[in-house]
Amino acid sequence: MANTCVQFTGFVMSFLGWIGLIIATATNEWVVTCNYNMNTCKKMDELEAKGLWADCVISTALYHCITLTQILDLPAYIQTSRALMVTASILGLPAVLLVLMSMSCINLGSEPESAKNKRSVFGGILILLTAFCGIVSTVWFPIGAHHERGLMSFGFSLYSGWVGTALCLLGGCMITCCSVDTPATYTDNNRFYYSKQSPAHPGPPSTNNAKSAHV
């Protein structure tokens, strides 16, 4: 019962974390860049938001984004973060489905419990790989943006990626740990007892019986 609760909690955390990573991948407010302080940039309408897919200009009356279509001209940190976040979004789907189909309340025919455990462990490993992709992307991107343009603050998308990565990491660990096969424990019901009516093991023939047989 305890393993079931831990597995379900890990599944919910992993699912929410995967949704957070998808939100971070689809939105462009990863970091906010500015050459001056925040108040000056807001007054001069020079506040910019940088993301995986576009650079946006934030002003009081305009929110304009320029799509980053020239892939070969992009810095390495943007290209790598794109690839890792897309990979995380794709890996999350089979990972969540594998964990869902290995829940104790779902039975696929008459499969043994060991098959469910293997499927759950594999799903947990995929979730951990998803978290690893999110960690690299959400750490490398703000560092690269800071060296390139000067980082002012973190955006909503980056916070979503951090929260999603943390949830996937915790959920994947919980699922993987609770799904490992434990050694079988034998109880009194599994022991074999000899029946009272079973014949006793034949012992060595007595000397008297051997003598009477020759008479």
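The values are calculated or read from the model by the stated rules, or taken from the named source; none is laboratory data. Not measured: the values here are computed from a predicted model. Counting neighbours? That spans all protein chains shown, and the Cβs are built from the backbone with ideal geometry, glycine included. Just the protein is used for accessible areas: all its heavy atoms, side chains included, with ligands, DNA and RNA removed. Shrake-Rupley method; radii C 1.70, N 1.55, O 1.52, S 1.80 Å.
How many of the residues in segment 139-167 are open to solvent by 70 Å² or more (accessible area, probe 1.4 Å), among the hydrophobic types (A, V, I, L, M, F, W, C) and in a helix (DSSP H, G or I)?
Residues in segment 139-167 being open to solvent by 70 Å² or more (accessible area, probe 1.4 Å), among the hydrophobic types (A, V, I, L, M, F, W, C) and in a helix (DSSP H, G or I): 6 in total.
How many residues does segment 56-99 contain that are part of a strand (DSSP E or B) and either of a type in the set (V, I, T) or open to solvent by less than 30 Å² (accessible area, probe 1.4 Å) (or both)?
Residues meeting the conditions: 5.
Within segment 119-128, is there a residue that is over 30 Å from G51 (Cβ atoms), open to solvent by 70 Å² or more (accessible area, probe 1.4 Å) and modelled with pLDDT under 85?
No, because not a single residue in segment 119-128 is over 30 Å from G51 (Cβ atoms), open to solvent by 70 Å² or more (accessible area, probe 1.4 Å) and modelled with pLDDT under 85.
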